[in-house]
């Protein structure tokens with residue numbers, strides 16, 4: 001009876017420890033959301049600090065436009081187009097569904113203005129018009145987008161349009177979007193601030209960015225939001241703190257607020273973990289998230305260690321979900 005009492009006491013102690021662990025966790029995971037995929041990387045060296053379904057195929061929605069602008073930046077760098085060039089809005093571009101600027105067929109807008117509005121308002125009509133101006137047609141531009149993705153190391157991404165509107169086969173992964181985000185920051189540091197604008201002025205009007213973290217989260221200076229019914233709420237975000245830049249990508253968020261909160265928590269937890277590591281604390285981002293799989297394992301581990309098996313009570317710990325833990329350092333291209 002005494003052995004059973006000790007075992008029972010151990011179980012309650014372990015449960016209490018598990019609840020305490022849950023209370024200490026600062027961040028809430030979205031890992032149970034079916035479309036959810038996420039990754040957190042160090043922009044400088046590509047170390048993966050956190051990953052959940054990072055290689056699972058997902059619709060990117062308007063994060064697609066980061067590649068649209070990356071290709072435009074290449075054209076500007078190579079002297080093939082200029083910011084002052086005027087783009088004509090075609091009938092196909094004008095027919096794009098929202099979000100859009102709403103210019104009529106035949107209207108013109110400069111490359112500089114188109115890029116600024118694509119980055120902030122995520123205008124589908126301007127994304128198509130810019131694609132047509134650069135490659136002659138949107139389909140040819142999409143082929144170049146995919147070719148560029150392969151060159152950057154985005155092995156699981158295929159682009160079929162310049163906007164990110166749903167199309168069968170237009171897919172990416174959280175890891176590939178992190179690779180693209182790193183490439184924009186690395187290859188076009190002077191162009192990157194276009195993603196930091198909380199608004200863009202066009203013909204006397206301030207066009208607000210869809211990325212609310214630019215105003216609400218200190219240190220966040222990009223990159224791009226997205227939403228379609230197929231994709232859910234998507235966001236690639238970057239923030240710098242004390243000389244360290246982190247990139248968080250969340251795909252398949254269930255709402256704008258939950259997506260934004262999750263990205264914020266990933267970034268904040270990432271900076272905190274790196275700071276604690278610098279002081280000798282061996283911790284991970286996943287260990288600081290309230291993820292049920294992790295909490296259950298922690299409780300079961302404590303129960304197994306505290307409750308003896310002399311009375312026939314055998315407690316075993318289930319296998320951990322490897323995707324829930326921070327991955328070893330891995331370089332992104």
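Working ranking of peptides 229-239, 166-176, 71-81 by packing, defined as the average number of other Cβ atoms within 10 Å per residue, highest first, is 229-239, 166-176, 71-81. Using 0.36 nm times the number of residues separating residue 91 and residue 284, minus their current alpha carbon distance, what extension gain do you get? That works out to 64.4 nm of additional length.
With the highest mean first, a sort of the peptides 259-267, 107-115 on other beta-carbon atoms found within 10 angstrom per residue produces 259-267, 107-115.
The simple spin-label model puts a point 7 Å past each Cα toward its Cβ; for residue 77 and residue 205 those points are separated by 3.3 nm. Given a Förster radius of 22 Å and the C-beta distance between residue 104 and residue 139 as r, what FRET efficiency does 1/(1 + (r/R0)^6) yield to the nearest 0.05? Plugging the Cβ-Cβ distance into 1/(1 + (r/R0)^6) gives 0.45. The simple spin-label model puts a point 7 Å past each Cα toward its Cβ; for residue 218 and residue 275 those points are separated by 1.0 nm.
Read-outs throughout are calculated quantities, based only on the coordinates presented, and are distinct from any laboratory measurement. Here the structure is a predicted model, which means the values were calculated and not measured. Heads up, the Cβs are rebuilt from the backbone with ideal geometry, glycines too, and the neighbour counts pull from every protein chain shown.
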